[in-house]
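See below for the structure under consideration.
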Amino acid sequence: MEKFKQFDSTIMPLNIENIDTDQIIPARFLKAITRDGFGDNLFRDWRYDSNNKLIKDFELNRIQNNSKILLAGRNFGCGSSREHAAWAIYDYGYRVVVSSFFADIFKNNALNNGLLVIQLDEEKIKHIFEKVNKDLNILFNVNLKNQTFSSYDGDLKETFEINEYNKTCLINGYDNIDYLLSQKEKILNFESRNEK
Amino acid sequence: MAKTLFDKVWDNHVVDYIPNGPSIIYIDKHLIHEVTSPQAFAGLNNRNIKVYRPDRTVATADHNVPTIDQHLPIKETLSRNQVETLTKNCKEHNIDLFGLGHKYQGIVHVIGPELGITQPGMTIVCGDSHTSTHGAFGSIAFGIGTSEVEMVLSTQCILQNKPKKMLIKIDGELNNGVYSKDIILYIISKISASGGTGYFVEYSGSAIQSLSMEARMTICNMSIEMGARGGIIAPDDITFEYIKGKKFAPKGDEFEESVRSWKKLKSDNGAKYDKILEFEASDIEPMITYGTNPGMGIKINESIPEKSLNSSNESYNKSLKYMGLSIGDQLLNKKIDYVFIGSCTNSRIEDLRIASNLIKGKKKADHVNAWVIPGSKSVEKVAIDEGLDQIFKNAGFEFRQPGCSACLAMNEDKIPKEKYCISTSNRNFEGRQGPGARTFLASPATAALSAINGFITDIRNN
Ligand code: SF4
């Protein structure tokens, strides 16, 4: 996993609720056996019509701002457990998803892949949408170490929650599997206690 | 301290607590399939390690397999490659595989229970969100991502934060024509597609206890559709009776001993929940969804409401536009094009019995394409032995071979753009059943009778 560094970026606003992982990456693109290249098909059926023509007014096509922050409506990432959704978002270039509410499995999948999720109050999210819709060029700063998300115009400075373990993993690029492998003895003990 | 059923099973599986972090949870059974496992095996190979407990891992091919001519090589290259990769990985790592052609092959959440792999008190995970199905047996079962599949393959453990606990209690007697699918669609319509997020749900009450195991599985299966990590139901005599004699279930004295310990798996009096919801069974009627998330459901004779819970007007209108519907529309008598009876929600033998019983001697409407996809080879076999396949065929339905099929439309079984499909599956998301497909979720009974009439039908009027 790549280390998560603080950065500045504009925001890609996607004001839709209940964005499910079938929308993020439709099932027909899950046939690969590697983790690469899923970004090409991120939001496939919103970005392209059935003749593979770009749908011009969809946000990701309309707004070309190379943003690393995806701002989305409530209950982002619901539905299927496919981790391909997190891979697709990361591969497309986002490093953070901001929403008022995330589905549980998606949250785990994101963090396991170096993709930060920032959860803020519904009202705050609304405010950011309004702000960004007025001016798409506003820069925001994401600082994981301080757990802050702020705008350069000085209007917004939010702190967000993340547990210490996940934070340490993201900042240092640590890998959960290395960690679990290092706990082998405890696992063996557990097994010998529980298996007759 | 009084504990909930969930606490008991969870606490039994904690290997260690990480301060200010998740817990290390031991996994009793790991189910894998072709779509979400290849990258995890690749990870193991990169580290040069083997699967730690192949004896606790079971594999099947279901998500991406054809439902006709399963004896022939899979035509499509990418799908064939994915299935072959699973076979290769299982061989290399010594994992039991119930692949295409095997008599136990089927949808992962159908075969676990019917083979007796799923047992009370276990922790069960799979790279598929509907792993929640197995909670019907009083186990903690939930879906995981591929990184987590890799964790379990390499250490038989996973890192998880303990979810909050919700109790959903349904008392009373169910109305005629109401099936467990209606119960769960009703609950989700009341609390929305995100109402259970952050929670693990225990279902209880006399209406739940009266249900068969297969009906309980349908309820737990769709827990994820309200955002919950999973659902759990305390095991009882119905559970033990179901497990008895199953292929991988304990036998003889060992079974009796297991039952004695399984009987302790229930919530203590006074156990604390973070949230409790109560519903009356008599309020539940046959249900159907009209929108693009499972929370958008109504009683079958209601009309489309002005808005739905936890959805902005914009999202709501976008959803109705996708469905080609408007506020105030009635769904009853609406013409449909496809009927899909299948998926891990409703493709068990009981579902096929209910559906075939209703259509026996009748013919489907000419304009309808009706597919029945049994959940597993075992279900298929019983259906054939009982002559259900003939009933379906005589009615003009296609009776196909087991797999996920049009539930997620990864194989060729896709609903065409803008066509209406009554589906017994679990998700009505945009494009879920094929790009542009329009899905109405309902029970197998509603689906089957609607195929006969060619329009959405209230089974109580037939
Ligand atoms: S039938 Fe559908 S929901 Fe069930 S495991 Fe297959 S794809 Fe997932």
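The values are calculated or read from the model by the stated rules, or taken from the named source; none is laboratory data. As the structure is a prediction and not an experimental result, all values here were calculated from the model. Every residue, glycine among them, receives a Cβ derived from its backbone with ideal geometry; neighbour counts consider all protein chains shown. Surface accessibility is based on the protein's heavy atoms, side chains included, excluding ligands, DNA and RNA. Shrake-Rupley method; radii C 1.70, N 1.55, O 1.52, S 1.80 Å.
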(message) As a quick test, which of the pairs A:K167/B:K162; A:K56/A:K157; B:K299/B:K334; A:K3/B:K164 have an alpha carbon distance above 21 angstrom in this structure?
(response) A:K56/A:K157; A:K3/B:K164
(request) Determine, for each peptide in B:221-227, B:78-84, the mean count of other beta carbons within 10 angstrom over its residues, then list the peptides with the highest first. (result) B:221-227, B:78-84
(request) Determine ³J(HN,Hα), in whole Hz, for all residues of the range B:106-114 in sequence, where each value follows from phi through the Karplus function 6.51 cos²θ - 1.76 cosθ + 1.60 and θ = phi - 60°; x replaces Gly and Pro. (result) x, 5, 3, 7, 8, 6, x, x, 6
(request) Read phi for every residue in the range A:56-61 and hand back ³J(HN,Hα) as whole Hz from Karplus 6.51 cos²θ - 1.76 cosθ + 1.60, θ = phi - 60°, with x for Gly and Pro. (result) 5, 8, 6, 3, 5, 8
(request) Per residue of B:433-440, count partner chain C-beta atoms within 10 Å of its C-beta, then hand back the mean as an integer. (result) 2
(request) With only Lys, Arg, Asp and Glu charged, each at its Cβ (+1 for the first two, -1 for the last two), find how big the charge dipole of the protein assembly as shown is about the Cα centre; round to the nearest 20 debye. (result) 620 debye
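Where only protein heavy atoms count, and the probe is 1.4 Å, what is the accessible area per residue for the range B:5-160 in Å²? Kindly include the intermediate steps, with their values, before the conclusion.
On the way: 4450 Å² over 156 residues.
That works out to 29 Å² for each residue.
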(request) Find the eigenvalues of the gyration tensor of the Cα atoms of chain B, then list the square roots of 5 times those eigenvalues as equivalent ellipsoid semi-axes, largest first, in whole angstrom. (result) 32, 27, 22
(message) If I histogram all Cα-Cα distances within the range B:164-283 using bins 10 Å wide from 0, what percent of pairs lands in each bin?
(response) 13, 41, 32, 13, 1
(message) Give me the Å³ per residue figure for the convex hull around the C-alpha atoms of the range A:66-196.
(response) 134 Å³
(message) Give me a comma-separated list of calculated 3J(HN,Hα) values for the range B:239-253, in order, Karplus coefficients 6.51, -1.76, 1.60 applied at θ = phi - 60°, integers in Hz, x for any Gly or Pro.
(response) 5, 5, 4, 5, 6, 3, x, 5, 2, 9, 7, x, 10, x, 4
(message) Charges on Cβ only, +1 for Lys and Arg, -1 for Asp and Glu, centred on the Cα centroid of the protein assembly as shown; of B:I188, B:L44, B:I288, which one is farthest towards the dipole's positive end?
(response) B:L44
(request) Would you please put A:185-191, A:91-97, B:88-94, B:455-461 in order of how densely packed they are, using the mean number of other Cβ atoms within 10 angstrom per residue and starting with the highest? (result) A:91-97, B:455-461, B:88-94, A:185-191
(request) Mind ranking B:250-262, A:72-84, A:156-168 by how tightly packed they are, going by the mean number of other C-beta atoms within 10 angstrom, highest first? (result) A:72-84, A:156-168, B:250-262
(request) Provide the percentage of antiparallel DSSP beta bridges, counting only those with both residues in chain A; round to the nearest 5. (result) 45 percent
(message) Quick check: at a probe of 1.4 Å, how many percent of the accessible area of the range B:288-461 sits on carbon and sulfur atoms?
(response) 46 percent
(request) Using Cα pairs closer than 8 Å and at least 6 residues apart in sequence, work out the relative contact order for chain B, in percent. (result) 17 percent
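Using only protein heavy atoms and a 1.4 angstrom probe, determine the accessible area buried between B and A, summed over both sides, in Å² to the nearest 100.
So the buried area, both faces added, is about 5100 Å².
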(request) Show the residues, 5+ positions off or on another chain, whose built amide H is closer than 5 Å to the amide H of A:F7. (result) A:V142
(message) Could you tell me how far the Cα centroid of the range B:265-287 sits from the Cα centroid of the range A:68-142, in Å?
(response) 33 Å
(request) List the equivalent ellipsoid semi-axes of the protein assembly as shown in whole Å, largest first, each obtained as the square root of 5λ for an eigenvalue λ of the Cα gyration tensor. (result) 35, 31, 25
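To the nearest 500 deg cm²/dmol, what mean residue ellipticity at 222 nm is calculated for chain B from DSSP H runs of n ≥ 4 alone, each contributing -39,500 (n - 2.57), summed and divided by the residues?
Details: 15 runs with 142 residues, N = 462.
Computed ellipticity for chain B at 222 nm equals -9000 deg cm²/dmol.
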(request) Return the average number of partner chain Cβ atoms within 10 angstrom of each residue Cβ along peptide B:194-204. (result) 2
(request) Find, to one decimal place in angstroms, the Kirkwood hydrodynamic radius of the range B:288-461, where the mean of 1/r is taken over every pair of different Cα atoms and then inverted. (result) 16.0 Å
(message) Along each principal axis of its Cα atoms, how long is the range B:48-135 end to end? Whole angstroms, biggest number first, please.
(response) 41, 34, 23
(request) Over the whole of A:30-40, what's the average partner chain Cβ count within 10 Å per residue? Rounded to a whole number, please. (result) 5
(request) Compute the Kirkwood hydrodynamic radius of the range B:1-158, taking the inverse of the mean of 1/r over all pairs of distinct Cα atoms, and give it in Å to one decimal. (result) 16.2 Å
